[in-house]
2 protein chains.
Amino acid sequence: MKVSIINIGDELLIGQVVNTNASAMSQMLIAAGIDVNEVVTIGDGGDAIRESLARCLKLSDAVLITGGLGPTKDDITKTVLCDFFHSRLVENAVALENVRRLFAIRGFELTPVNRAQALVPECCQVLNNDLGTAPCMWFEQDGKVVVSMPGVPFEMEWLMENRVVPKLQETFKTGAIVNKNILVQGIGESFLSDLIEPWELALPKCIRLAYLPQAGMLKLRLTARGTDRDELQGAIDEAVKTLYPIAGQYIVGEDCETLTELVHSQLTAKGKTLATAESCTGGTIASQLTAQAGASRYFRGGIVAYSNEVKECALGVKHSTLEQYGAVSEQTAREMAEGVRERFDSDYAIATTGIAGPDGGTPTKPVGTVWIAVASRTHTEAALLNFPGRRRQQNIDRSVNQAFAMLIRMLCQKD
Amino acid sequence: MKVSIINIGDELLIGQVVNTNASAMSQMLIAAGIDVNEVVTIGDGGDAIRESLARCLKLSDAVLITGGLGPTKDDITKTVLCDFFHSRLVENAVALENVRRLFAIRGFELTPVNRAQALVPECCQVLNNDLGTAPCMWFEQDGKVVVSMPGVPFEMEWLMENRVVPKLQETFKTGAIVNKNILVQGIGESFLSDLIEPWELALPKCIRLAYLPQAGMLKLRLTARGTDRDELQGAIDEAVKTLYPIAGQYIVGEDCETLTELVHSQLTAKGKTLATAESCTGGTIASQLTAQAGASRYFRGGIVAYSNEVKECALGVKHSTLEQYGAVSEQTAREMAEGVRERFDSDYAIATTGIAGPDGGTPTKPVGTVWIAVASRTHTEAALLNFPGRRRQQNIDRSVNQAFAMLIRMLCQKD
C-alpha cells in the first residue's frame with residue numbers, strides 16, 4: 001500500500017513555515033507499514049490542488065491532504081474537494097456538535113463563519129477532530145481513499161494517530177516494515193562505504209540500507225519490508241550482528257535518531273548526572289539536551305564560558321593555564337570539564353573550547369581547531385579535532401556530536 | 001519566472017529528516033523575486049526522479065533538485081539525470097580539482113569512490129561547490145533550466161546564494177526587487193492586521209506585504225518589484241515611515257531576519273556586553289547568540305541553571321527566595337539576572353525560569369508559565385508570560401524571543 005501526501009499552504013510554499021507535517025506524517029505511516037510515494041507542497045490555489053490530487057490518485061492507493069481548512073477566505077481546500085468529487089456542501093451533525101463543544105469550552109460565541117466549519121461534502125465521512133473545529137474528511141472512490149485534515153500540526157498529529165492511520169490499516173491490508181538505526185562516528189561516509197561493502201552486498205533482498213549523514217557522524221538505516229514482522233526483525237538482527245565484527249569500533253549506538261537522543265536515554269537509564277562547560281559550542285550542548293522533556297533528571301546545568309574571565313571565575317580554570325597554553329588547549333579543556341563537574345557535583349562533564357570560525361584562527365591554531373574534554377568522577381579524557389571547514393555552525397554541530405560520542409564511549413566503559 | 005523544487009532522499013520521504021531545504025530554498029528564491037510553483041519530495045528512485053522532473057519541467061521555467069549526489073550506492077540522481085538528458089558521464093576537470101583540493105585540506109587519500117564524484121554528464125555545466133565534493137550541475141534544454149545540488153543543507157545554501165540564484169537571475173532577467181523586514185512584538189497577528197489595514201490598503205501596487213509569524217513575534221516583509229531599484233527603495237522607505245505613527249510601539253527593529261540578529265547587531269553597535277542565566281530555555285539564548293560570528297565581542301558567557309543547586313551556587317539566588325517563592329517566580333528571575341550580571345561583570349543580563357512542558361506544571365504554575373528578567377547596571381525589569389500550549393520547543397522559542405524583545409527595548413531606553 002502506498003500513499004501520497006499533499007501539504008497545502010502559501011506559508012509552506014514561500015518558506016515562511018518549515019513543513020514539519022510532512023516528516024511527522026511519514027514517520028507515523030512508515031511505522032504502520034505504509035509506504036510514502038511522494039510529498040507535494042503547493043499553495044492555496046484551486047488548480048494546483050485539483051491537479052496534484054488527480055495525479056497522486058493515479059500514483060497511490062490513498063492521498064493524505066493537510067491544510068486549507070480554516071474559516072478564512074484564503075482556505076479553499078474543502079470547496080475544491082467538493083467540486084472534485086461532484087458533491088455538495090451539507091451541514092454535518094457530528095462536525096457541528098464538535099464546533100459547538102469547542103466554542104463552549106473556550107466561552108466564545110458561535111458566529112456564522114465558525115458554524116460554516118461544520119459544512120462538508122455530502123459524499124465524505126467525517127472523522128471527528130477532537131482538538132479543533134476543522135473537520136477531518138474521508139473520501140472513497142474506485143477503491144482509493146482521500147483524506148483531508150487541518151494543517152495545524154498538533155491537530156493533524158492527533159487525527160493521524162487516532163483516526164486516519166488505524167482506518168487506513170483497516171481499509172488496506174498493510175504489510176510489515178521494520179526499521180533499524182545505527183549511529184556511527186569516527187569514520188567518513190566513503191570510507192565506511194568501502195569498509196562495509198561486502199557486508200552490504202550480502203544483505204538479504206528484503207533489507208535496504210541508507211546512509212544518513214549528520215554533523216560529524218553518520219546514521220545507517222536498515223529497512224526491512226515483507227509480510228512477517230518477526231521474520232523481518234530476525235533478518236535485521238542478524239544483519240546488525242554481522243556488522244559489528246567489521247565496523248563495531250565506529251558504532252556508538254542503536255535505535256536513536258541522534259546522538260543527543262542517545263545521550264539522553266543512556267544518562268536517564270544509568271541514573272547518572274551531567275554538567276557542561278561550553279566555549280566554542282556556546283550553549284548548544286545544553287540547549288540540545290534540554291530540548292528533550294525529562295532532561296532535568298540528569299542535566300544539572302552548564303556554563304557557557306565565552307570569555308577567559310568566565311573560564312577563570314565560573315569554572316576555576318587557572319590563570320596560569322590560560323596564559324601558558326591558551327584558551328584553546330588540552331589543559332584548558334580538561335580544567336573546564338573538571339571544574340564544572342566538581343562545582344555542579346555531577347557524575348560526568350563535557351567541555352568544549354575551540355575556534356568555530358569563520359575568523360579568529362592563528363597559524364598554530366587555525367579555524368576548526370577544537371579541544372573536547374569529558375570528565376567522570378575518576379578520570380578525564382581529551383581529544384583534539386581539526387575540522388577542515390570554516391563554517392561556524394557546522395564546526396559547532398560537529399563539536400557537539402564529537403563530545404556526545406566521547407561521553408557515550410565513556411559511559412559504556414567499565415568503571 | 002517560476003521554479004519547481006524537487007528534494008530527493010529516502011530520509012526525507014520516510015520523515016527521518018525534516019525537509020528544511022525546501023523552506024530555505026523558497027526563502028532565497030522569493031527574496032530574489034523568483035516564485036515557487038511547488039515543492040516535491042521523493043525517494044532515491046529512478047522512476048520517481050524521472051517522472052517528477054519531466055512533469056515539473058512542463059510546469060516551470062526552472063527545476064531545482066537537491067539530494068542523491070553522495071558517493072554511495074543509494075545516491076542515483078546523477079546517473080538518472082545523465083540518462084534523462086541522453087548524455088554520458090565524463091570526468092570534469094573543475095570538479096576533480098575541487099575534490100582533490102578538499103581531500104588535500106583534510107589530509108585524506110583520494111579513493112576511486114571519491115574520484116567518481118568528479119564524473120558529471122557531459123552536457124551539463126559544473127558550478128563549483130566550494131564546500132563539498134558533490135558537484136552542482138546546471139543543465140539547459142529548450143530554454144528551461146535544471147539544477148542539481150547536494151542535499152547537505154550548508155552546501156545547498158552556499159550554492160544557492162553564490163552560484164544558482166545569481167545565474168537564474170542572469171538567465172531569466174528577473175528584474176529588480178527590494179525587500180524590507182520589520183520585526184514586531186507584543187501584538188497578535190489578527191490584531192496587527194486590523195490595526196494596519198488602512199495603511200496596507202494604501203500601499204503602492206509595486207509593494208506586497210507578508211506576515212511571517214515567528215515564535216511569539218511577527219516579521220512583516222515588504223517586497224517591492226519592478227524595474228528601477230532606486231524607485232522601489234523610495235517606495236519602501238515611504239511605506240515604512242508611514243507605518244511608525246500607527247504601529248511604532250510594537251516595532252522592535254528593522255532589516256533583520258530574527259530578534260537574535262537584532263540583539264547581535266545592537267549590542268555590537270553599542271559596545272555593550274551581555275550575560276545570560278537560563279533555566280527553562282536551557283542554553284538556547286546563549287546558543288542562538290553564539291551561533292553568530294563575532295558574538296565574543298559582547299557575549300561574556302552564560303549559566304544554564306537547570307537545578308536549584310546551580311541557581312544557588314552559580315548564580316547566588318538566595319535559598320530563602322527559592323523556598324518562599326519557588327524557582328519559577330519573579331524574585332528568582334530577578335536574582336538570576338542580577339547574579340549573572342554581577343558575576344560576569346556585564347552591562348546587561350537576561351534570565352529565564354519557567355515550565356516549558358509538556359509536563360511539570362502545577363495548578364498555580366501551569367505548563368507555559370515563564371518569568372523573564374532583564375537587568376542593566378542600574379535596574380532590572382521582569383515579565384510574566386503565560387503561554388497557552390504545552391509544546392516544549394514552542395514555549396522555549398517564545399521565551400527566547402520575549403527575552404530578546406525585552407532586552408532590545410531596554411537597550412533603546414535613554415540611560
Counting only DSSP beta bridges with both residues in the range B:2-172, tell me the antiparallel percent, nearest 5. 40 percent
Tell me whether the protein assembly as shown comes out rounded, prolate or oblate; compute the Cα gyration tensor, take square roots of the eigenvalues as a ≥ b ≥ c, and use a/c under 1.5 as the rounded threshold. rounded
Tell me the distances, shortest first, between B:Thr378 and the same position across the other copies, using label points 7 Å along Cα→Cβ, in nm to one decimal. 5.7
Please say if the range A:289-399 is rounded, prolate or oblate, where rounded means a/c under 1.5 for a ≥ b ≥ c the square roots of the C-alpha gyration tensor eigenvalues, and otherwise the choice is prolate for a/b larger than b/c and oblate otherwise? oblate
Principal axis dimensions, largest first and in whole angstrom, of chain A by Cα: 80, 56, 40
Stretch B:Asp35-B:Arg100 to full length: gain in nm at 0.36 nm per residue minus the Cα-Cα span? 19.7 nm
Among A:Ser4, B:Ser346, B:Ser329, rank each residue by its count of other Cβ atoms within 10 Å, from fewest to most, as a rough exposure measure. B:Ser329, A:Ser4, B:Ser346
What does DSSP give for chain A in terms of the percent of beta bridges that are antiparallel, rounded to the nearest 5? 60 percent
Given backbone amide H placed at 1.01 Å from N, residues whose amide H is under 5 Å from that of A:Val304, ignoring those fewer than 5 places away on the same chain, are A:Glu278, B:Gly302, B:Ile303, B:Val304
Within the range A:1-134: Cβ-based charge dipole about Cα centre, in debye rounded to nearest 20 (Lys, Arg +1; Asp, Glu -1): 240 debye
The size of the Cβ-based charge dipole (Lys, Arg +1; Asp, Glu -1) of the range B:156-273 about the Cα centre, to the nearest 20 debye, is 220 debye
Hydrodynamic radius (Kirkwood) for the range A:176-254, which is based on Cα pairs only, to one decimal in Å: 12.7 Å
For the range B:200-278, run through the trypsin sites (Lys or Arg not before Pro) and keep only the ones in DSSP coil with at most 12 other Cβ atoms within 10 Å of their Cβ. B:Lys205
Please work out whether the range A:232-346 counts as rounded, prolate or oblate from its C-alpha gyration tensor, where a ≥ b ≥ c are the square roots of the eigenvalues and a/c under 1.5 means rounded, while otherwise a/b larger than b/c means prolate and anything else oblate? prolate
12 Å reach of a label modelled at B:Glu342, 7 Å along Cα-to-Cβ, counting backbone N of the range B:301-325: B:315-318
Förster radius 56 Å - calculated FRET efficiency between A:Gln233 and B:Glu161, Cβ distance, rounded to 0.05: 0.80
Separation between the B:Val240 and A:Leu59 pseudo-spin-labels, each 7 Å from Cα along Cα→Cβ, expressed in nm? 4.2 nm
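Compute, for chain A, the length of the dipole vector about the Cα centre, with Cβ point charges of +1 (Lys, Arg) and -1 (Asp, Glu) only. Units Debye, rounded to 20.
About 400 debye.
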Give the nm distances, rounded to one decimal, from A:Asn114 to the matching residue in every other copy, measuring between label points 7 Å along Cα toward the beta carbon; shortest first. 6.3
For the modelled label position 7 Å from the Cα of B:Arg377 along Cα-to-Cβ, which residues of the range B:321-348 have backbone nitrogen atoms closer than 11 Å? B:346-348
Shortest first and in nm with one decimal, please list how far the A:Phe154 label point sits from its counterparts in the other copies (point 7 Å along Cα→Cβ). 3.4
Cross-link pairs B:Lys241/B:Lys272; A:Lys78/B:Lys173; B:Lys180/B:Lys272; A:Lys78/B:Lys58 - those with Cα-Cα distance over 31 Å: A:Lys78/B:Lys173
Here the gain from full extension of B:Ser296 to B:Tyr325, 0.36 nm per residue of separation minus their alpha-carbon distance, amounts to 7.0 nm
Give me the one-decimal nm value for the distance between modelled label points at A:Thr364 and B:Lys205, 7 Å along each residue's Cα-to-Cβ direction. 6.8 nm
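What FRET efficiency comes out for A:Leu384 versus B:Lys73 if R0 is 51 angstrom and r is the Cβ-Cβ distance? Round to the nearest 0.05. Before the final figure, lay out each step's value.
Numbers: r = 33 Å, r/R0 = 0.65.
It comes to 0.95.
No lab work stands behind these numbers, since they all come straight from the coordinates. As the structure is a prediction and not an experimental result, all values here were calculated from the model. Because the Cβ atoms are built from the backbone with ideal geometry, glycine has one as well, and the counts that use them run over all protein chains shown.
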